[in-house]
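The values are calculated or read from the model by the stated rules, or taken from the named source; none is laboratory data. Everything numeric in this text was worked out from a predicted model, so none of it was measured. No Cβ is skipped: glycine too gets one built from the backbone with ideal geometry, and neighbour counts run over all protein chains shown. These area figures cover heavy atoms from the full protein model, side chains too; ligands, DNA and RNA do not enter into them. Shrake-Rupley method; radii C 1.70, N 1.55, O 1.52, S 1.80 Å.
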Amino acid sequence: MISTAPSTTPSAAPFLRVRNLVKAFGSFVALNDISLDVREGEFVCFLGPSGCGKTTLLRAIAGLDLQTSGMIEQAGRDISVLPPSQRDFGIVFQSYALFPNLTIARNVAYGLESQRLPRAEIDRRVAELLDLVGLPEQGTKYPAQLSGGQQQRIALARAIATSPGLLLLDEPLSALDAKVRVHLRHEIKALQRRLGVTTIMVTHDQEEALSMADRIVVMNHGVIDQIGTPTEIYREPATLFVADFIGAMNRLPVVIVDADHVRLGETILQCRPHDLSVDAEATLAIRPEDVVPVESGGSRPKGGNRFDVTVHALEFLGSFWRAVLTGPAFGAVEVEADFSVNAIRRLDIADGMAMAVELPVDRLHVFAGRDASGGDADG
Ligand code: ATP
């Protein structure tokens, strides 16, 4: 059986330690003092827009591009300046990078052959690996005879063939079409769980990161903005950039009134306690799905950020409806709200209708300033 680590709950001790990593290309600083820990058995995603430095960080961990300064330790060993051949990882790139002139079996066997294992042992492992990635019959074919998704599975089999301690995935799904991509997400995740191999995947696709990672490292302009579980990152974004980059978010320009109130135009809203200075410009953020329709005669308490609004541009998006809301309390600001199909039916919500909504205090995020300063979030 191929195994790289016990597939139990990840232990607390960091398997990979990155400390104060800096990478400069001439005067351009691509990584600026990056520190992070990855636990054994964890699946971590580096997520961020194009150019934020995620590939540079992955390549430094692999030793493919040495950092300018800083330290990297894997399994208690300082690997900071070791060449890739002396590090312990398998890697899958965006482009399949299989050897076109070798059969699938020889491609998978590549790392095993350089370990000079007996032929029978290699053949057995190759068969096992092809089985593991769901392509047991394809060994005698050549890469060009396989689909993109199949080639990426072979690249994965090749990367784990020697049971490396660390699996590095550099946008492994982004060249594939949407359906194959979603399918392979599940397969890679299941395989990673089964093998328990510590894995780092670079992606600019937030959905991919949210659905696959145990923890996400959100990067922006060469620094880490936040490290957290998918739920933490989504529910409690640490910065306006993270809030903007992941999921949909309304951004309302406000001024700080006191420790738990802000002012939007002439309207005072209650928010969670923050430590921004009185009169400072800030941004109040709320996700469209967190805007709550108020049932007339319902049992929700009065007050607490309840506002009269008018519904516009109601749009059916499959599992929910998105509406644009305006109202005297919001001034010129438009607020997007997602209403469930049930809420639409129950409250008979329609374009042009007047209704009331609540912006729940615990779903409001207050960030300093008005600018996400995140560069392009188009990934
Ligand atoms: P993408 O998703 O587009 O690959 P990324 O977040 O992986 O983005 P990197 O490839 O890590 O970004 O690049 C980070 C920054 O460093 C970019 O601004 C890039 O232009 C710059 N950079 C990367 N490699 C080099 C190089 N060899 N020489 C000069 N600048 C570089």
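List of remarks:
- Any hit, the range 42-62, residues being on the phi > 0 side of the Ramachandran plot and more than 9 Å from the ligand (Cβ to nearest atom): no
- Scanning the range 261-289 for residues that are assigned to a loop (DSSP other than H, G, I, E, B) and either surrounded by 15 or more Cβ atoms within 10 Å (Cβ to Cβ) or touching a residue at least 24 places away in the same chain (Cβ under 8 Å) (or both) gives Gly265, Glu266, Cys271, Arg272, His274, Leu276, Asp279, Ala280, Arg287.
- Selection within the range 323-358 - open to solvent by less than 50 Å² (accessible area, probe 1.4 Å) and under 15 Å from Ala248 (Cβ atoms): Ala323, Val324, Leu325, Val335, Ala337, Asp338, Phe339
- Within the range 28-41, if we keep just the residues that are among the β-branched types (Val, Ile, Thr) and within 15 Å of the ligand (Cβ to nearest atom), the residue that is most open to solvent (accessible area, probe 1.4 Å) turns out to be Val29.
- Subset of the range 308-322 (residues that are polar (S, T, N, Q) and open to solvent by 60 Å² or more (accessible area, probe 1.4 Å)): Ser319
- Given (1) under 20 Å from Ala97 (Cα atoms); (2) at pLDDT 95 or above, number of the condition Ser163 does not satisfy: (2)
- Single match in Ala60, Ala24 (criterion: small (Gly, Ala, Ser), farther than 22 Å from Met201 by Cβ, touching a strand residue (DSSP E or B) at 6+ places or on another chain (Cβ under 8 Å) and modelled with pLDDT of 95 or more): Ala24
- Members of the range 209-248 found to be of a type in the set (Lys, Arg) and surrounded by fewer than 18 Cβ atoms within 10 Å (Cβ to Cβ), listed by number: Arg235
- Pairs meeting the criteria (first residue in the range 64-77 and within 11 Å of Phe15 (Cβ to Cβ), second residue within 16 Å of the ligand (Cβ to nearest atom), beta carbons under 9 Å, at least 6 apart or on different chains) are Glu73/Val18; Gln74/Ile61.
- Within the range 168-208, restricting attention to residues that are among the charged types (D, E, K, R) and under 8 Å from the mean Cα position of the chain (by Cα), the residue that is surrounded by the fewest Cβ atoms within 10 Å (Cβ to Cβ) is Glu207.
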